[in-house]
Structure formats: structure tokens, C-alpha cells
Amino acid sequence: MSLPDQRDSEPGRWIIAYKTLLRDVIDRRPSGTRRRLAETLGKNPSFISQITNPAYPTPIPLGDVEVILELCHFSPDERADFLSAYAKAHPRRSLAAVAQRPGRVVKLKVPEFGDSARNADFDRAVQEFVARLGHLMSRD
């Protein structure tokens, strides 16, 4: 996806850009990603439809950005493009917390299922659970 010209300061074009990128990333993910995203964020599925449709001007709340990036498994380049477009669309919102939020690594011993697809499904479920738990714990 190509982003608008860097000199373009019209927020609407940047909202379309980051929503298009989000839609494209989700479309490449397994079915059920939108439902899991809605559950993780504690939102109605129609809200997910609005934030992934470039035709709707509904912005993505800043507090949901990190969870979306993690749950949808953005590549580093996709993440950078998304955050750049988001920052240009919403210049008064600080992405510093999202872009540089510290994380920590926790090692877990998990079952080996003997099947790479089942192992990947399990790993994804654990990552989604941790993202949801982190989102719930960070609410005021």
C-alpha cells in the first residue's frame, strides 16, 4: 500500500491510509481475527467494521492501537507505516507510549503438539490472550 505524499497534511487522507493498511493486514489473517479483535478490545463487532473500513471517518482510539498492532501481527514495516499515518491523521495524540512502550519477555514451557499448524494456533492463542489481558490490566 502506498501512503499519501509526506507533504499532505490532510488528516482524512491519513485516516484512510491507516485504515486501508489495517484492513489489508486483517484480510491476510485467519478467519475470526475481527471477532477476536472485538472481544479483546471489549467492543462491538460493528465497531471493528467501522475502524477497518476506509469509507468511515471513525478514528481508532489511541488506547486500542497497541492491541491492534499486536493481535493482528503487523510486520515491522507495516507497523511503521501504520504508526506514521496514524500520527499524521491525529497530530495531537501522542504515540510515544505505543511506539516505545516497554515490554518484557516471559518464558513459558508449552506443549509440543507434533504438528506445526497446531503449534502455530496454540502460540497465536497465547499471544492473543496476553494482549487481551494486558489491555484489560491497563484500563483505568
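Quick note: the coordinates plus some simple rules give every number you see, no bench work behind them. Since the model is a prediction, treat every value here as computed from it, not as a measurement. Methodologically, a virtual Cβ is constructed for each residue, glycine included, from the backbone with ideal geometry; neighbour enumeration extends over all protein chains shown.
Sum up the charges of everything whose Cβ sits under 14 Å from the Cβ of residue 30, counting Lys and Arg as +1 and Asp and Glu as -1, but leave residue 30 out.
On the way: positive: 28, 29, 34, 35, 36, 118, 124; negative: 27, 121, 123, 128.
Here the count lands on +3.
Tell me, what is the FRET efficiency for residue 58 and residue 112 to the nearest 0.05, using R0 = 35 angstrom and their Cβ-Cβ distance as r? Show your work: numbers first, answer last.
On the way: r = 43 Å, r/R0 = 1.22.
Result of the calculation: an efficiency of 0.25.
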How tilted is helix 116-138 with respect to the longest principal axis of the chain? Cα atoms for both, answer in degrees (0 to 90, nearest 10). 60 degrees
One quarter of the C-alpha convex hull surface, i.e. the mean projected area of the chain in nm², amounts to 9.4 nm²
Would you calculate a helix-derived [θ] at 222 nm for the chain, using -39,500 (n - 2.57) for each DSSP H run of n ≥ 4 and dividing by the full residue count, to the nearest 500? -18500 deg cm²/dmol
